[in-house]
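Asker: Would you mind keeping the following structure in view while I ask a few things?
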Amino acid sequence: MALVTGMGIEYPVVIFSKSTCSMSHSIKTLICSFGANPIVYEIDEHEDGKKMEKELKALGRAPSVPAVFIGQELVGGANEVFALHLERKLVPLLKNANAIWL
């Protein structure tokens, strides 16, 4: 799990995604709509993608993508991120991580 968690804490917002996943696309679009510039790892195109997917599953991600780290913490997947947005907690989380300045 060192690979994924290490990559997940390097930047304010990190998204592990697959290029063909519509939910991953929706999460990327939502986070970018607030002005954040997430680092996105497309695990189906990355040389260590299989290892990343295995580690994400070991972290409890099922399905493995999208997996979103905000402020060096694994927030979760699409359901968790959309729930944070609906509860008006996503923007404050992004602000606290210095991912956006509003």
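The values are calculated or read from the model by the stated rules, or taken from the named source; none is laboratory data. Keep in mind the model is a prediction, meaning the values are calculated, not measured. Glycine also receives a Cβ, built like all others from the backbone with ideal geometry; neighbour counts cover every protein chain displayed. Heads up: the accessible areas ignore ligands, DNA and RNA and are worked out on the full protein's heavy atoms, side chains in. Shrake-Rupley method; radii C 1.70, N 1.55, O 1.52, S 1.80 Å.
Asker: Please work out which residue is modelled with the lowest pLDDT, limiting yourself to region 40-59 and to residues that are within 21 Å of Ala97 (Cβ to Cβ) and open to solvent by 30 Å² or more (accessible area, probe 1.4 Å).
Answerer: So the residue we want is Leu59.
Asker: Which count do you get for residues in region 5-30 that are open to solvent by less than 50 Å² (accessible area, probe 1.4 Å), closer than 23 Å to His85 by Cβ, out of contact with any Lys or Arg (no Cβ under 7 Å at 6 or more places or on another chain) and among the aliphatic types (A, V, I, L, M)?
Answerer: 4
Asker: Which residue pairs have Cβ atoms under 8 Å apart, sit 6 or more places apart or on different chains, and have a first residue in region 75-98 that is free of Cβ contacts under 8 Å to residues at least 24 places away in the same chain and a second that is assigned to a loop (DSSP other than H, G, I, E, B)?
Answerer: Gly76/Arg61; Leu93/Gly71; Lys95/Trp101; Lys95/Leu102
Asker: What about Phe34, is it under 11 Å from the mean Cα position of the chain (by Cα) and of a type in the set (Phe, Trp, Tyr)?
Answerer: Here the answer is no, as Phe34 does not meet what is asked.
Asker: Every residue in region 65-80 that is surrounded by 22 or more Cβ atoms within 10 Å (Cβ to Cβ) and more than 15 Å from Leu94 (Cβ to Cβ), please.
Answerer: Val65, Pro66, Ala67, Gly77
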